[in-house]
Amino acid sequence: MKIGIAADHGGYDLKEVIRPFLTGVGYKLTDFGATRLDNADDYPDFVVPLARAVAAGHVERGIAICGSGVGAAIAANKVPGVRAALIHEHFSAHQGVEDDEMNLLCLGGRVTGVNAAQELIVAFLEAKFTGAERHLRRLQKVQQLENKELR
Ligand code: RB5
């Protein structure tokens, strides 16, 4: 599976630990930056290119990390086709994919430790959308909202 990762300065340290972890377990990883720690950088500059790559199918899933994960989630969800969520616990890391077809996981580098982040990422990447009718119906409504067909 091809995946992408991005982080601002708040998520940079966690990203640098997660990168070798992911390639070590066999994922093809594209890094959308930041490529160095710069305390003045802005999360949209890294998260939006990642989100666009997820939406375009250049990578199957994305991981975006900022200090809290909040800004990353807000920015990523502005990109049509992206279903991003800030995740802190295991259940939502896989259920968000199974039920809601979440395609971009957001983490807080200042609130989630390395081991917990690895477990959340594995749960996210190994999960599959069930395709159940009720979930498809709900996703269709979200898509209609995105397409401005629903108010
Ligand atoms: C940057 O200091 C911080 O605000 C950012 O990484 C993130 O937490 C925003 O949600």
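The values are calculated or read from the model by the stated rules, or taken from the named source; none is laboratory data. Computed from a prediction, not measured in an experiment: that's the story for all the values here. In this analysis, Cβ positions are derived from the backbone assuming ideal geometry, glycine residues included, and neighbour counts consider all displayed protein chains. Quick note on the areas: whole protein, heavy atoms, side chains included, nothing else; ligands and nucleic acids left out. Shrake-Rupley method; radii C 1.70, N 1.55, O 1.52, S 1.80 Å.
Tabulated data for the structure shown
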| read-out | value |
| --- | --- |
| Theoretical ellipticity at 222 nm over the chain - DSSP helices of four or more residues, -39500 (n - 2.57) apiece, nearest 500 | -14500 deg cm²/dmol |
| Given the chain, longest segment not containing exposed loop GluC sites (Glu not before Pro) (DSSP; at most 12 other Cβ within 10 Å) | 1-88 |
| Shape of the range 1-67, Cα gyration tensor, a/c cut at 1.5 | oblate |
| Partners for Lys2 among lysines (Cα-Cα distance below 30 Å; same-chain residues under 8 apart left out) | Lys15, Lys28, Lys78, Lys128, Lys141 |
| Accessible area (Å², per residue) of the chain, counting only protein heavy atoms and a probe of 1.4 Å | 52 Å² |
| Between the range 117-133 and the range 1-79, the alpha-carbon center distance in angstrom | 17 Å |
| Stretchable slack from Arg36 to Val17, in nm (0.36 nm times residue separation minus alpha-carbon distance) | 5.5 nm |
| Among 72-81, 104-113, 19-28, the order from most to least packed when residues are scored by Cβ within 10 Å on average | 104-113, 72-81, 19-28 |
